[in-house]
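The values are calculated or read from the model by the stated rules, or taken from the named source; none is laboratory data. Remember, it's a predicted structure, so these values are computed and weren't measured experimentally. Cβ atoms come from the backbone with ideal geometry, glycine included; neighbour counts cover every protein chain shown. Surface areas here come from the heavy atoms of the whole protein model, side chains and all, with no ligands, DNA or RNA. Shrake-Rupley method; radii C 1.70, N 1.55, O 1.52, S 1.80 Å.
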Amino acid sequence: MVIMAEYDVIVIGGGPVGLFGTFYSGLRDMKVLLIDSQDELGGQLVTLYPEKMVYDVGGFAGIQAYDLAQRLIEQAKMFGPDIRTREWADILEKTQDGMWVVKTDKGGEYKTKTVMIAAGIGKITPSRLGAKGEVEYENKGVYYTVRRKNEFQGKRVLIVGGGDSAVDWALTLAPIAKEVTLIHRRDQFRAHERSVKEMFEVAKVYTWHELKEVKGDGNKVTQAVIFDNRTKEEKTLNVDAVIISIGHKGDLGNMLKWGLNMKGRDIVVNGKMETNLPGVYAVGDIASVEGMPKLALIAVGFGQAAIASSVAKKFVDPNASVFAGHSSEMDKFKK
Ligand SMILES: Cc1cc2nc3c(=O)[nH]c(=O)nc-3n(C[C@H](O)[C@H](O)[C@H](O)COP(=O)(O)OP(=O)(O)OC[C@H]3O[C@@H](n4cnc5c(N)ncnc54)[C@H](O)[C@@H]3O)c2cc1C
């Protein structure tokens with residue numbers, strides 16, 4: 001086994017909670033590696049809802065999810081952690097000297113005294129329809145989320161889906177796009193009534209319709225073929241972009257085989273965020289604290305990350321205190 005580096009803490013997952021855990025572990029003078037499978041750090045904030053406003057994180061009366069992620073990334077980097085993105089933590093193994101090795105899909109083998117699992121809902125991948133041309137035109141006009149709404153300015157946009165996100169995107173893009181068409185395979189929408197009513201005012205809506213094919217010139221989307229799923233009648237629409245908004249899946253991969261005590265997709269932890277494996281903690285959306293109600297909220301995850309980092313510090317250095325005091329009183333912040 002070729003160990004590439006040794007750490008006090010390896011944080012698995014660079015969503016909001018893992019980012020805060022990375023900061024807090026650095027604050028506690030621990031050597032940290034953060035591993036995330038996505039291209040970009042930020043977890044659900046950047047992958048699922050970058051343009052939405054978040055109102056329930058302390059200190060912000062309202063902040064765009066993408067901006068919140070950028071602030072967390074800045075804070076996470078304060079103590080110079082190693083960060084590896086596009087890398088999937090695949091295997092967790094105990095070493096003979098009581099430490100852990102995290103092996104990744106990129107051939108990484110990292111040794112650590114403790115592990116903080118902040119894997120959220122797992123690796124977030126969009127649900128695909130399987131329509132002809134869909135994969136070929138991914139990021140060339142076919143999208144699964146709206147990262148920057150201005151990219152759709154002046155474009156003819158087709159949205160596929162009938163849930164909150166699909167309806168929200170129709171409303172958000174209608175004022176800036178050239179035209180917005182939405183198709184849904186049923187005539188009932190899983191979205192707020194008022195939003196659905198507004199959507200019918202600003203977008204062309206075809207219920208009982210599905211996407212058959214995405215066509216283009218090889219570089220970009222030019223048309224979409226849709227069909228009425230009752231009569232099979234087809235229509236060809238001239239479009240510049242197709243947004244497929246039918247949900248996302250979270251993949252936990254081999255984590256389910258790591259020997260963790262799981263309840264469904266959740267890792268069971270005690271009040272110290274300890275799992276059943278010594279030195280392994282779980283925080284955020286993936287954690288279920290025994291005897292406590294589960295609130296899958298960023299604010300709750302921040303508190304859990306602070307607890308896990310503090311408990312991990314004591315595990316790494318038994319002479320350290322779990323509570324190290326307030327950041328406002330710490331020398332490391334004094335200029
Ligand atoms: C549409 C929407 C709106 C929301 N609005 C709010 C809101 O207003 N306020 C609020 O508090 N919460 C909100 N939430 C919930 C909030 O986003 C989650 O509670 C939060 O993202 C959980 O953070 P996390 O860090 O635990 O996990 P995530 O954000 O899910 O991040 C986990 C990260 O871990 C990575 N990962 C997983 N497994 C591995 C692995 N094996 N190796 C490497 N990387 C891995 C994933 O790719 C991901 O990047 C919303 C959620 C959605 C979907």
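General remarks:
- Charging the Cβ of each Asp and Glu at -1 and of each Lys and Arg at +1, and nothing else, the dipole of the range 218-303 about its Cα centre rounds to 120 debye.
- Since only 206, 13, 158 are under comparison, the one whose Cα sits farthest along the positive direction of the charge dipole of the chain, derived from C-beta charges on Lys, Arg, Asp and Glu, is 206.
- Accessible area of residue 104 in the full protein assembly, 1.4 Å probe (Å², nearest 10): 10
- Per residue, the average separation of C-alpha pairs within less than 8 Å and at least 6 apart gives the range 52-155 a relative contact order of 11 percent.
- Trypsin sites (Lys or Arg not before Pro) restricted to DSSP loop in the range 227-257 with at most 11 other C-beta within 10 Å: 230, 232
- Note on the range 3-50: percent of Cα-Cα distances in each 5 Å bin, starting at 0 and stopping at the bin with the largest distance, equals 5, 24, 27, 20, 14, 7, 3, 0.
- Magnitude of the charge dipole, the range 87-213, Cβ model with Lys/Arg +1 and Asp/Glu -1, debye to 20: 200
- Dipole of the range 268-335, positive end: most advanced residue of 330, 304, 292 [Cβ charges, Cα centre]: 330
- A Cβ-based charge dipole, computed about the Cα centre of the chain with Lys and Arg at +1 and Asp and Glu at -1, lands at about 200 debye.
- For residue 182, the amide hydrogen comes within under 5 Å of the amide hydrogens of 159, 204, 205, 206, counting only partners 5 or more places away or on other chains and with H modelled in the peptide plane.
- Centre separation in Å (Cα based) which lies between the range 10-55 and the range 89-124: 16
- Against the rule of thumb 2.2 N^0.38 Å, how large the Cα Rg of the range 73-178 comes out: 1.57
- Solvent-accessible surface of the chain, taken per residue with a 1.4 Å probe and all protein chains present: 49 Å².
- Counting only Cα atoms, the size of the chain along its three principal axes is 72, 44, 39 Å, in decreasing order.
- Within the accessible area of the range 280-335 (1.4 Å probe), percent carbon and sulfur: 60
- Highest mean packing comes first when the peptides 326-333, 89-96 are listed by Cβ atoms within 10 Å, giving 89-96, 326-333.
- Listed by chain and number, the aspartates and glutamates placed with their C-alpha closer than 16 angstrom to that of residue 332 are 29; residues fewer than eight positions away on the same chain are left out.
- The trypsin sites (Lys or Arg not before Pro) of the range 7-76 that meet both conditions, a loop assignment by DSSP and at most 16 other Cβ atoms within 10 Å of the site Cβ, are 52.
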